[in-house]
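Some notes on the structure that comes next.
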Amino acid sequence: MTKRCVFVLGLVLAGAAPAAEQTAPAAAAAPAAAAATPVAGGKAEANAGGERLEWEAWRAQNDTSNVASLQQGARNFMNYCVTCHSLKYMRYSRMASDLHISTEQLQQNLMPIEARPSDYITTSLNAKDAVAWFGKEPPDLSLMARARGVDYLYRFLKTFYTEPGNAAASYNLAFETEAKVHATVAMPAVLSDLSGVQTPVYDDKHEFVRFESTPGRMKPAEYDAFVRDTVNFLDYVSEPAQVDRRSIGIWTVLFLLVFTWIAYLLKQEYWKDVH
Ligand code: HEC
């Protein structure tokens, strides 16, 4: 009798698992942008005095299970990055389904009119113009988060600056080149209207200390959240399966625990007669 109950219970649980898994991400979408609260960066920005800006210690602290943040990151990407960068391994439709974006929202806000949902996310910038304007083609960003790491992307998007002596060039503290020291980058500071234009302050030995910034459209903490959401989205794009994998993982572990318990009960039942 016990045996049969346990077996039925096992079946019910195994059946319930996938259903519950589907509802989990939807629930996660509810706490809106609140979860994208600024964490890092704030401390560093506060040291307006002579203290050195510890930008190398900044962490993205993004969370790919935060669907609201991923949706915001997708909007940021479509508004500020896709003019130059493609995501050539990601289709609009896959992005919409993973991030719980409706077809109307997708077509009205995130997709060019002429594109179809099954298309890959491409840029309208062609290679020839890119080279003429920027000196090189902007790289595809599909795998950039894996190649460089999310913390690098976060630092990269927060450390664009201009040198007063060479106002036309765009500099970046984090950008990794062979030169390794404050290098120019072919990407213009496309987010400077949000963040403000940063200029560096150096000490007597011409070592970088901190930035001074003109006011941007966003407060520093808002800008940090903007960058974090954008990086979060690129993290998701670089490994779309991670969003599902995590929830499947939790259910797998739960199932194994329940199954162990069932096996134990079964063993008790069998050995009862032997003893
Ligand atoms: C006006 C065109 C343009 C826009 C808009 C633009 N980029 Fe770029 N981006 C470039 C170019 C050009 C490069 C190549 C830089 C180089 O190698 O010097 C680049 C390089 C990059 C890199 C690679 C950095 C590295 O370490 O190699 C990342 C990451 C990046 N962009 C992210 C973004 C994000 C995120 C956005 C949107 C917020 C964005 N870009 C918007 C032109 C652009």
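Values quoted throughout were computed directly from the atomic coordinates according to the rules given, and no laboratory measurement underlies them. Source: prediction; values computed, not measured. Please note: Cβ atoms are built from the backbone with ideal geometry, for glycine as well, and neighbour counts cover all protein chains shown.
Within the range 190-269, list the GluC sites (Glu not before Pro) lying in a DSSP loop whose Cβ has at most 13 other Cβ atoms in a 10 Å radius. Passing both the DSSP loop test and the Cβ count: Glu207. Take the Cα of Lys136, step 7 Å toward its Cβ, do the same at Leu254, and the gap between the two points is 4.7 nm. Amide H contacts of Arg210 (H built 1.01 Å from N, in plane; Pro and chain starts excluded): Leu53, Val201 sit under 5 Å, all sequence-distant by 5 or more or on other chains. Between Ala127 and Tyr89, full extension at 0.36 nm per residue minus the direct alpha carbon distance yields a gain of 11.9 nm. 3J(HN,Hα) couplings calculated from phi for the range 229-240 with the Karplus curve 6.51 cos²θ - 1.76 cosθ + 1.60 (θ = phi - 60°) are, in sequence order, 5, 5, 5, 4, 4, 5, 5, 4, 4, 6, 7, x Hz; Gly and Pro show x.
Rounded to the nearest 0.05, the FRET efficiency derived from the C-beta distance between Tyr202 and Asn109 at R0 = 41 Å is 0.45.
Once you charge only the Cβ atoms, +1 for Lys and Arg and -1 for Asp and Glu, what is the size of the charge dipole of the range 171-275 about its Cα centre, to the nearest 20 debye? Could the numbers behind the result be given before it?
Working: 10 positive and 15 negative charges, 81 e Å.
Computed about the Cα centre, the dipole is about 380 debye.
Residues whose amide H lies under 5 Å from that of Met90, counting only those 5 or more places away or on a different chain, are Ile121; hydrogens are built 1.01 Å from N in the peptide plane.
Given Val227, Phe175, Val243, which one lies farthest toward the positive end of the charge dipole of the range 135-256, if we put +1 on the Cβ of every Lys and Arg and -1 on the Cβ of every Asp and Glu? Farthest towards the positive pole: Val243. Loop-only check: which chymotrypsin sites (Phe, Trp or Tyr not before Pro) in the range 169-237 are DSSP coil with at most 12 other Cβ within 10 angstrom? Nothing satisfies the criteria.
Once the Cα-Cα distance is subtracted from the 0.36 nm per residue extended length, the Gln242 to Ala186 segment shows a gain of 17.0 nm.
Applying the Karplus relation 6.51 cos²θ - 1.76 cosθ + 1.60 with θ = phi - 60° to the range 54-59 yields 3J(HN,Hα) values of 8, 5, 5, 8, 5, 10 Hz, where x marks Gly and Pro. Over all other residues within a Cβ to Cβ distance under 9 Å of Arg52, the charged ones net out to -3, with Lys and Arg as +1 and Asp and Glu as -1. Scalar couplings 3J(HN,Hα) for the range 168-173, obtained by applying the Karplus form with A = 6.51, B = -1.76, C = 1.60 to θ = phi - 60°, are 6, 8, 10, 10, 8, 6 Hz; x denotes Gly and Pro.
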